[in-house]
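To start, the structure itself, in structure tokens.
The values are calculated or read from the model by the stated rules, or taken from the named source; none is laboratory data. In this text, all values refer to a predicted model and were calculated from it rather than measured experimentally. When we count neighbours, we look across all protein chains shown, and the Cβ atoms used for this are built from the backbone with ideal geometry, even at glycine.
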Amino acid sequence: MPKGPKGEKRPADVIGAAVMVMRIATGQIEEPTEPDDGKDKAAQALGRKGGKARAASLSKKRRTEIAKAAAAKRWFGT
């Protein structure tokens with residue numbers, strides 16, 4: 001049986017796939033997979049924690065410098 005990009009099982013033939021899509025659309029069956037963004041949840045939590053800690057440690061002047069440099073990169077590519 002074919003597998004989707006995240007390993008979920010899919011019908012092997014076109015008619016079977018069409019019937020499955022129809023059943024999902026009409027609510028007869030639930031979507032066989034849960035949405036997954038492919039990212040590690042623990043790493044996401046650490047990233048949020050680190051971003052807050054960095055923002056708290058930077059002075060207003062340094063944050064302004066970083067923002068101006070980022071804007072210059074976006075607009076002027078320098």
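Quick notes
- Matching residues, the stretch 29-74, being surrounded by 10 or more Cβ atoms within 10 Å (Cβ to Cβ), at pLDDT 85 or above and of a type in the set (S, T, N, Q): Thr64
- Pairs with Cβ under 8 Å, 6+ apart, first in the stretch 23-43 and over 15 Å from Lys9 (Cα atoms), second of a type outside the set (Phe, Trp, Tyr) and at pLDDT below 80: Asp36/Lys6; Gly38/Lys6
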